[in-house]
Amino acid sequence: MPVLNEEKYLERAVRSIFEQNGLEKADIEVVLALGPSTDGTNQVAEGLKSHFPVKTVQNPTGKTPAGLNLAIAQAKNEVIVRVDAHSELSPNYTSLALEILNETGAANVGGLMKAEGNSEFQKAVAWAYQSRIGLGGGSFHVGGTAGPSDSVYLGVFRAEVLKKLTGFDEQMIRGQDWELNLRIRKSGEVVWFDPRLEVTYFPRAKINKLGKQFFDTGIWRAKLTKAHLRSANTRYFAPPALVLGIFFGLGSFLLGFGGLLGLTPTFIYILFVLLSAVTSRGLTLRSRLALLLVLPTMHLSWGLGFLSGLLFKR
């Protein structure tokens, strides 16, 4: 588990590991790769050592792929379970994943990211995560049938495969899971999705952090797309197309070329967001109002990041 500024969520994530059904505590080793946190994360990690068999390793860069590789290097077991400090494993997650690994012969298995929120804003973000409107409908967000997959959320890996492929690419600050799963598939191994594997995920609870997360993700998705264009999903191009449509439409309106027609992409998108908020199910009025900010933040930040990643070298 790579950890950076996760004081609020870390203990819940670790406890969910040791509450796994069908496993003896002695069979579980937890390795936390601690980045240079500026909150009380590292103190929480030290406190957990007095209750659970937890090991820590320092991750000076604080970057996720570097932390993952440092933690994997310390692991002794034949199966590596990647856990996010913002997540909570369902009680049967690990035992079921082991069963699926054995049944399918896959190198990596994973399932659903079950986004949940505490505040009204976070609940709106969670709704967007699990909607085709928000993130475009990847199977580990909205569900699907069990079978081979391009990528999965987090992952339960055969350690021998990770070692053979030298782990995660530390140049990929975001999207490192997709890139690794691509290498797994190219090596002739199978990546397997099963919707019965559920992990609760707590998304960003502040709009500035959400915007930064999606901008950064867009940048690294562009880098991956340039390197592996044939493997890119067409839905990756929707947010940058939206940004370009709004930009050129507003530009033509302001410069007097297209008149009110130039505002068409903006009006259509505003209407789309309004309809999404009105028709969203399971949300309070406050969360629906928050959705009016959440969806544009996710879509436009991702799209701007993607265009930035295409145009500028990083």
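Each value in this text was obtained by applying a stated rule to the coordinates, not by laboratory testing. This one's a predicted model, so the numbers in the text were calculated from it and none came from an experiment.
Classify the range 2-203 as rounded, prolate or oblate from the Cα gyration tensor: take a ≥ b ≥ c as the square roots of its eigenvalues, call it rounded if a/c is under 1.5, otherwise prolate when a/b beats b/c and oblate if not. If you can, show how the numbers build up before the last one.
On the way: a/c = 1.36, a/b = 1.10, b/c = 1.23.
Rounded shape, in that the Cα axes give a/c under 1.5.
Over the chain, what relative contact order in percent results from Cα pairs under 8 Å that are six or more residues apart? Mind showing how you got there, number by number?
On the way: 551 pairs, mean separation 58.8, N = 314.
Answer for the chain is 19 percent.
Stretched out straight at 0.36 nm per residue, the stretch from Val278 to Thr266 would grow longer than its current Cα-Cα span by 2.5 nm.
Scanning residues 5 or more positions from Gly258 or on other chains, those with amide H under 5 Å from its amide H are Phe253, with H placed 1.01 Å from N in the peptide plane. Computed from Cα atoms, the angle from the helix 264-279 axis to the main principal axis of the chain rounds to 50 degrees. Structure note, pairs Lys8/Lys164; Lys123/Lys212; Lys76/Lys212; Lys49/Lys164; Lys8/Lys223: Cα-Cα distances above 26 angstrom occur for Lys8/Lys164; Lys76/Lys212; Lys49/Lys164; Lys8/Lys223. Between the Cα long axis of helix 64-74 and the first principal axis of the chain there is an angle of about 10°, rounded to the nearest 10.
Given springs between every Cα pair under 10 Å in a Gaussian network model of the chain, which of Phe253, Phe168, Phe237 has the largest fluctuation? Among Phe253, Phe168, Phe237, the largest mean-square fluctuation in the Gaussian network model of the chain belongs to Phe253. Compared with the dominant principal axis of the Cα atoms in the chain, helix 285-311 is inclined by about 90°.
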